[in-house]
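A.B. asks: The structure follows.
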Amino acid sequence: MSNSSAGPILVLGGARSGKSSFAEKLVEASGLPMHYVATGRAWDDEMRDRIRHHQDTRRGKGWITHEEPLDLVALLRRIDDPARAILVDCLTLWVTNLMMEERDMAAEFAALAAFLPEARARLIFVSNEVGLGIVPENRMARDFRDHAGRLHQMVAEKSAEVYFVAAGLPLKMKG
Amino acid sequence: MSNSSAGPILVLGGARSGKSSFAEKLVEASGLPMHYVATGRAWDDEMRDRIRHHQDTRRGKGWITHEEPLDLVALLRRIDDPARAILVDCLTLWVTNLMMEERDMAAEFAALAAFLPEARARLIFVSNEVGLGIVPENRMARDFRDHAGRLHQMVAEKSAEVYFVAAGLPLKMKG
Amino acid sequence: MSNSSAGPILVLGGARSGKSSFAEKLVEASGLPMHYVATGRAWDDEMRDRIRHHQDTRRGKGWITHEEPLDLVALLRRIDDPARAILVDCLTLWVTNLMMEERDMAAEFAALAAFLPEARARLIFVSNEVGLGIVPENRMARDFRDHAGRLHQMVAEKSAEVYFVAAGLPLKMKG
């Protein structure tokens, strides 16, 4: 986090890759007040338990949590502040929620693209890399993969640093 | 593209990773007349639109397009020329087509392996990394994954440069 | 393998990525007597042929093969010796077998975690990265992905070197 004023950080990784823990450490190292934006919806008990567990862990360390499954950009504009570090966990759950609500993906992504260069907070985005398996037979899964891939390219292009995390180890792709 | 005479370039990446755009930039940077070999078949309207869109974009920049779903090596031998850069997009679609036609995969890969060290054109291959998800339940998908993996190893071994692209960012694996 | 006394090596990669060949080369370069621990079960003819083929190849080079689908840690403790290199191929098949036998995953992983810092042999683990595709619809596959990811993080944390292999090319993540 040396060039902390240069722009957002994107942390990509697979399932259970340790990407969120790595991103949380980046935020904690910033020394700034820590805000956590959860995009996931508590669909079932498993998800609810997971969210509660994470919240309890972070709360102890002074994190403030915001839940926003859809209107991510509006929330980020509302809480944007140069004296804050904001962790968004994660972009792929946001994409899932937007698709379920049949939102205009291009418009949503454009709104985020417009915001990123103006953001004053220290922004860290976590997202799942999902495009390295076999082409899914399910059309919705293929569309999801395409949306996620496009979003990652856009956010990476506007980010100061990009990491790919595997087995808990970060590989710097940019910055 | 510093060591442009040393051999082919392989660009691997996931779905919507930006691998084709990166490969196109490598070709454009070569300063050579640009040839595009499309291995994809226009099965449906979506594919047809995608191919047409890409063709229109490249045509404006002076690309010459060749379509060859199966006899890739014969085509490459025909258009091979030291004063050309040839982009093959992509190897995984070629593998799909060969499997559908029940071609002898080992023989096809051997023919490509024999050609690569003799090639005089600047060759850039794009391919999808597909082996980093869960083992597919479908036997054909497992075979496809195995064929693609073996082909990637062979082409990488005979290439001067290999890149892995994620979120539009190239990671140099070789060269 | 410069810092060979510092701890285990983890080799991660996708299907047909060349990860096992790379790991075998690491072992052969060690100059130590070579032990191969196969965790895969010969479920069907295809698997049986594959195992036999690998065994024949390695036997000619002086490898000693052990088959252990479940009690990996007990076996490793039994054959542990500072004058040996031991290749475990692979962790993901071990996870599969543990899940099928409904073993206590946390206890099994804890036993491995406890052994790793005490191991005196040169240990090389091979494993499949499986978390970079679309979320599987199948619950068991999701659980498998979670277990594999957690295990990879733990082993990577306790390893001296970690490699990610794609297209036969190793990328050093740690060490």
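A.B. asks: Quick one: B:V135 ticks every box in (1) under 23 Å from C:P170 (Cβ atoms); (2) among the β-branched types (V, I, T); (3) under 17 Å from the mean Cα position of the chain (by Cα) bar one, so which box is it?
C.D. replies: (3)
Every residue, every condition in (1) open to solvent by 20 Å² or more (accessible area, probe 1.4 Å); (2) away from chain B (no Cβ under 14 Å); (3) under 27 Å from C:R150 (Cβ atoms); (4) touching a residue at least 24 places away in the same chain (Cβ under 8 Å), yes or no:
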residue: C:K25; (1), (2), (3), (4): yes, no, no, no
residue: C:D71; (1), (2), (3), (4): yes, yes, yes, no
residue: C:D80; (1), (2), (3), (4): yes, yes, yes, yes
residue: C:C90; (1), (2), (3), (4): no, no, yes, yes
residue: C:W94; (1), (2), (3), (4): no, yes, yes, yes
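A.B. asks: Next question. Checking B:F115 against (1) within 17 Å of the chain's Cα centre (by Cα); (2) surrounded by fewer than 24 Cβ atoms within 10 Å (Cβ to Cβ); (3) under 26 Å from B:A83 (Cα atoms); (4) within 13 Å of chain C (Cβ to nearest Cβ), which test does it fail?
C.D. replies: (4)
A.B. asks: A follow-up question, please. Could you grab the pairs with beta carbons closer than 6 Å, sequence gap of 6+ or different chains, first residue in segment A:32-54 and touching a residue at least 24 places away in the same chain (Cβ under 8 Å), second one among the small types (G, A, S) and surrounded by 13 or more Cβ atoms within 10 Å (Cβ to Cβ)?
C.D. replies: Qualifying pairs under 6 Å: A:L32/A:A85; A:M34/A:A85.
A.B. asks: Is it the case that C:K19 is open to solvent by 70 Å² or more (accessible area, probe 1.4 Å) and either under 24 Å from B:M154 (Cβ atoms) or of a type in the set (V, I, T) (or both)?
C.D. replies: It is false that C:K19 is open to solvent by 70 Å² or more (accessible area, probe 1.4 Å) and either under 24 Å from B:M154 (Cβ atoms) or of a type in the set (V, I, T) (or both).
A.B. asks: Given the conditions (1) surrounded by 15 or more Cβ atoms within 10 Å (Cβ to Cβ); (2) closer than 29 Å to B:M105 by Cα, and given that B:R58 satisfies all but one, which numbered condition is not satisfied?
C.D. replies: So the condition that B:R58 fails would be (2).
A.B. asks: I've got another one for you. Collect the residues in segment B:27-55 that are among the aromatic types (F, W, Y), closer than 25 Å to B:V162 by Cα and surrounded by fewer than 15 Cβ atoms within 10 Å (Cβ to Cβ), keeping them in residue-number order.
C.D. replies: Here is the first cut: in segment B:27-55, the residues among the aromatic types (F, W, Y) are B:36, B:43.
Cutting the leftovers down to closer than 25 Å to B:V162 by Cα gives us B:36.
Across segment B:27-55, there are no qualifying residues.
A.B. asks: Could you tell me whether segment A:97-106 includes any residue that is more than 14 Å from every other protein chain (Cβ to nearest Cβ), farther than 17 Å from C:V135 by Cβ and open to solvent by less than 60 Å² (accessible area, probe 1.4 Å)?
C.D. replies: No, because not a single residue in segment A:97-106 is more than 14 Å from every other protein chain (Cβ to nearest Cβ), farther than 17 Å from C:V135 by Cβ and open to solvent by less than 60 Å² (accessible area, probe 1.4 Å).
A.B. asks: Continuing with the same structure: For the subset of segment B:136-150 comprising residues that are under 21 Å from B:V11 (Cβ atoms), more than 7 Å from chain C (Cβ to nearest Cβ) and in contact with a Lys or Arg (Cβ under 9 Å, 6 or more places away or on another chain), which member is surrounded by the fewest Cβ atoms within 10 Å (Cβ to Cβ)?
C.D. replies: For segment B:136-150, the residue satisfying everything is B:H147.
A.B. asks: Another question, then. Quick one: in segment A:118-135, which of the residues that are more than 14 Å from chain C (Cβ to nearest Cβ) and charged (D, E, K, R) is surrounded by the fewest Cβ atoms within 10 Å (Cβ to Cβ)?
C.D. replies: Taking the candidates together, the pick is A:E118.
A.B. asks: Oh, and also: Just to be sure before I move on: is A:A113 over 22 Å from C:V130 (Cα atoms) and out of contact with any Asp or Glu (no Cβ under 6 Å at 6 or more places or on another chain) in the structure I sent?
C.D. replies: On the way: over 22 Å from C:V130 (Cα atoms): yes; out of contact with any Asp or Glu (no Cβ under 6 Å at 6 or more places or on another chain): yes.
Judged against the criteria, A:A113 is a match.
A.B. asks: May I ask you to list the residues in segment B:154-175 that are open to solvent by 40 Å² or more (accessible area, probe 1.4 Å) and more than 7 Å from every other protein chain (Cβ to nearest Cβ)?
C.D. replies: Here is the first cut: in segment B:154-175, the residues open to solvent by 40 Å² or more (accessible area, probe 1.4 Å) are B:157-158, B:170, B:172, B:174-175.
B:K158, B:P170, B:K172, B:G175, listed by residue number.
A.B. asks: Given the structure, is B:V11 more than 18 Å from A:M173 (Cα to Cα) and buried (at least 21 other Cβ atoms within 10 Å of the Cβ)?
C.D. replies: Numbers: more than 18 Å from A:M173 (Cα to Cα): no; buried (at least 21 other Cβ atoms within 10 Å of the Cβ): yes.
The answer is no for B:V11.
A.B. asks: Do we find a residue being in contact with a helix residue (DSSP H, G or I) (Cβ under 6 Å, 6 or more places away or on another chain), among the charged types (D, E, K, R) and assigned to a loop (DSSP other than H, G, I, E, B) anywhere in segment B:50-69?
C.D. replies: yes
A.B. asks: It is to be established whether one or more residues within segment C:104-118 are among the charged types (D, E, K, R) and in contact (Cβ under 8 Å) with a residue 40 or more places away in the chain.
C.D. replies: For segment C:104-118, residues among the charged types (D, E, K, R) and in contact (Cβ under 8 Å) with a residue 40 or more places away in the chain: absent.
A.B. asks: Going by the structure shown, is C:V37 out of contact with any Lys or Arg (no Cβ under 6 Å at 6 or more places or on another chain) and closer than 24 Å to C:A106 by Cβ?
C.D. replies: The answer is yes for C:V37.
A.B. asks: Find the helices (runs of 4 or more DSSP H) located wholly in segment C:73-175 whose residues include 2 or more that are out of contact with any His (no Cβ under 8 Å at 6 or more places or on another chain) and of a type in the set (K, R), and list them.
C.D. replies: Numbers: elements: C:91-100, C:105-115, C:139-157.
Fully inside segment C:73-175 and qualifying: C:139-157.
The values are calculated or read from the model by the stated rules, or taken from the named source; none is laboratory data. As the structure is a computational prediction, the values presented were derived from the model and not from experiment. Using ideal geometry, Cβ is built from the backbone for each residue, glycine included, and neighbour counts are taken over all protein chains shown. SASA here: full protein model, heavy atoms, side chains in, ligands and nucleic acids out. Shrake-Rupley method; radii C 1.70, N 1.55, O 1.52, S 1.80 Å.
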